[in-house]
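A quick write-up on the structure given underneath.
The values are calculated or read from the model by the stated rules, or taken from the named source; none is laboratory data. For clarity, every value in this text was computed on a predicted model and none was experimentally measured. In this analysis, Cβ positions are derived from the backbone assuming ideal geometry, glycine residues included, and neighbour counts consider all displayed protein chains. Accessible surface areas use protein heavy atoms only, side chains included; no ligands, DNA or RNA. Shrake-Rupley method; radii C 1.70, N 1.55, O 1.52, S 1.80 Å.
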Amino acid sequence: MKKLIVASNNKGKLKEIKEILSGIYEVVPMGEAGFNEDIVEDGNTFFENALIKAKTVSEALGADALADDSGLCVEALGGAPGIYSARYSGHHGDDAANRVKLLKELEGKENRNAKFVSAVVLYKTNGEIVKGVGETYGKIAFKEEGTNGFGYDSLFISDDLHKSFGVASGEEKNSISHRKRALIDLLGHL
């Protein structure tokens, strides 16, 4: 099976990518492949950030690299937290603080519509860029439901599953997730 370096050390994201691409690729986190530097994600879109990560890791390691940039977009907040989802509270990767801030920002708001967006980029050593995008729709709960997943999963009530990603099994979430849809889109372009 062909190895695929993923430009991420996010354990939750890596687990999902491994499960989704199981049987197609052997997913190798960038750290295991020898890349341990911080990558500045200063793009203005999910796609730009995914491209920055994939290109940086590909060029550093001399191998094809895949990157995902994803986040939660809430209608009543004008699409926030969006590309700032992982650092919404001001501290990168503090999932609990991000969820607390999101609930506070939505206090008194009736519109709870939201979507998860994922942009994936495969950057090849020859400079070729293959991309995919996926979205999944739902609503933001009034309180956390479940402990499965990561990030905002316990607050996101999926329109497809009619329950939060926090109570859904990994298989259920991966069957309809934004990341799955983005990876399927990308695979269709290979």
**OP:** Go through the residues of segment 140-151 one by one and say whether even a single one is farther than 15 Å from G12 by Cβ, β-branched (V, I, T) and either surrounded by fewer than 18 Cβ atoms within 10 Å (Cβ to Cβ) or touching a residue at least 60 places away in the same chain (Cβ under 8 Å) (or both).
**Re:** yes
**OP:** Find all pairs meeting these conditions: Cβ atoms under 6 angstrom apart; at least six residues apart or on different chains; first residue within segment 1-22 and in contact (Cβ under 8 Å) with a residue 40 or more places away in the chain; second residue part of a helix (DSSP H, G or I) and basic (K, R).
**Re:** A7/K53; E16/R179; I20/K180
**OP:** Report, ordered by the first and then the second residue, all pairs with beta carbons closer than 9 Å, sequence separation of six or more or different chains, a first member in segment 113-132 that is farther than 30 Å from L155 by Cβ, and a second member that is surrounded by 24 or more Cβ atoms within 10 Å (Cβ to Cβ) and of a type in the set (K, R).
**Re:** Y123/K53
Original post:
Quick one: in segment 121-136, which of the residues that are under 16 Å from the mean Cα position of the chain (by Cα) and surrounded by 16 or more Cβ atoms within 10 Å (Cβ to Cβ) is nearest to I5 (Cα to Cα)?
Top reply: L122
**OP:** Provide a single number: the residues in segment 161-190 that are in a loop (DSSP other than H, G, I, E, B) and under 25 Å from K143 (Cβ atoms).
**Re:** 9
Original post:
Only one of (1) small (G, A, S); (2) within 12 Å of S70 (Cα to Cα); (3) assigned to a strand (DSSP E or B) is not met by G151, so which one is it?
Top reply: (3)
Original post:
Wholly within segment 1-120, which strands (runs of 3 or more DSSP E) include no fewer than the required count, namely at least 3 residues that are on the phi < 0 side of the Ramachandran plot and open to solvent by 40 Å² or more (accessible area, probe 1.4 Å)?
Top reply: none
